[in-house]
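A short worksheet on the structure shown next.
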Amino acid sequence: MSDKRKKIAVFDFDGTLFQGDATKDFCWFYYRKNPLKSYYFLIQVAYWFINHLGLMSTTKFKSKFIAFLNNNDAQQIDYLLTLFWDQKRALVRKDLLEEVAELKKNGVYTVVVSASPELFIKDFCLSLGVDSVIGSQLIVKNNKYSLLKNCRGKEKLVRIKQAIPGFEIVAAYSDNEDDAALLKLAENGYWVDKKGRISSFIQE
């Protein structure tokens, strides 16, 4: 029987494909555009300490962090994201984009899987040529924003299985130790260091 599993390549986004952290970087960009909202930074710092002390889950912390978006409708956010990525496009690693292009040329389905909110990165990643984008999902109600679940570590595999049933990971790229299980599962796992250098992931 022929193997009909979909061959995919998985790319982390923050620190891997993109030289930055989309959530934090967009937050600072937002404050520059909306200085009257920058008071919320003090609230974010308070929640960071609570999270650092282990008194709040990462998912809940990120929900509190992204609340700086509250009272902005979808069109406002989309407009700011367009401006943001116009400025940040140069921070995409060209070597990783070449990997995307080469994999696609060989019939491999390319997927970005990130802990950043899907809302922040999806349109931009698709514009780079990847086939699909999976990120942390936001709940939006009455222009209030919160995180459904943080797409990090093991949750990435859960989300991939939901989105692409019956897959085979032929390549995976990440700069984050939380993705070790994902890199081990891949036929070829690749570590991306802070300078963007790509090397084979050494399994322990």
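The values are calculated or read from the model by the stated rules, or taken from the named source; none is laboratory data. Just so it is clear, the structure is predicted and the values come from calculations on it, not from any experiment. Cβ sites come from the backbone with ideal geometry, for glycine too, and all protein chains shown count toward neighbours.
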Could you check Thr16 against (1) under 30 Å from Lys154 (Cα atoms); (2) free of Cβ contacts under 8 Å to residues at least 40 places away in the same chain; (3) of a type in the set (Ser, Thr, Tyr) and say which number it fails? (2)
Considering segment 153-169, residues that are in contact with a helix residue (DSSP H, G or I) (Cβ under 8 Å, 6 or more places away or on another chain) and among the aliphatic types (A, V, I, L, M), and then whichever is farthest from Leu103 (Cα to Cα), we arrive at Leu157
Taking Lys105, is it modelled with pLDDT of 95 or more, of a type outside the set (Asp, Glu), more than 19 Å from Tyr40 (Cβ to Cβ) and out of contact with any Ser or Thr (no Cβ under 9 Å at 6 or more places or on another chain)? yes
Does Asp123 satisfy the condition of being in contact with a strand residue (DSSP E or B) (Cβ under 9 Å, 6 or more places away or on another chain), acidic (Asp, Glu), under 12 Å from Phe11 (Cβ atoms) and modelled with pLDDT of 95 or more? no
Counted residues in segment 139-162 being under 23 Å from Lys7 (Cβ atoms), touching a residue at least 40 places away in the same chain (Cβ under 8 Å) and either hydrophobic (A, V, I, L, M, F, W, C) or surrounded by fewer than 17 Cβ atoms within 10 Å (Cβ to Cβ) (or both) come to 1
Anything in segment 180-192 that is touching a helix residue (DSSP H, G or I) at 6+ places or on another chain (Cβ under 7 Å), within 21 Å of Leu103 (Cα to Cα) and part of a helix (DSSP H, G or I)? List them, or say none. Leu182
Would you check which residues across segment 39-55 are over 24 Å from the mean Cα position of the chain (by Cα) and within 18 Å of Asn71 (Cα to Cα) and list them? Tyr39
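Which ones in segment 11-28 are crowded, with 16+ Cβ neighbours inside 10 Å and within 20 Å of Ser63 (Cβ to Cβ)? Break it down stepwise before answering.
Of the residues in segment 11-28, the ones crowded, with 16+ Cβ neighbours inside 10 Å are 11-19, 22-23, 25-27.
Correct list: Phe13, Asp14, Ala22, Thr23, Asp25, Phe26, Cys27.
Okay, residues lined up against (1) touching a Gly at 6+ places or on another chain (Cβ under 8 Å); (2) of a type outside the set (Phe, Trp, Tyr); (3) at pLDDT 95 or above; (4) not in a helix (DSSP H, G or I):
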position: Thr23; (1), (2), (3), (4): no, yes, yes, no
position: Trp28; (1), (2), (3), (4): no, no, yes, no
position: Asn51; (1), (2), (3), (4): no, yes, no, no
position: Gly54; (1), (2), (3), (4): no, yes, no, yes
position: Asn72; (1), (2), (3), (4): no, yes, no, yes
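Which residue, of Glu98, Glu155, Glu168, is in a strand (DSSP E or B) and either of a type in the set (Asp, Glu) or farther than 21 Å from Ala22 by Cα (or both)? I'd like the intermediate steps shown before the answer.
On the way: Glu98 fails: in a strand (DSSP E or B); Glu155 fails: in a strand (DSSP E or B).
Of Glu98, Glu155, Glu168, the one residue that is in a strand (DSSP E or B) and either of a type in the set (Asp, Glu) or farther than 21 Å from Ala22 by Cα (or both) is Glu168.
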When residues of segment 134-153 are filtered for being at pLDDT below 95 and hydroxyl-bearing (Ser, Thr, Tyr), how many remain? 2
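Pick from segment 116-140 the residues that are in a strand (DSSP E or B) and hydrophobic (A, V, I, L, M, F, W, C): which of them is farthest from the chain's Cα centre (by Cα)?
Step one: of segment 116-140, the residues in a strand (DSSP E or B) are 116-117, 132-140.
Now drop any that are not hydrophobic (A, V, I, L, M, F, W, C), which leaves 133-134, 138-140.
Details: Val133: 8, Ile134: 7, Leu138: 13, Ile139: 17, Val140: 19 Å.
My answer is Val140.
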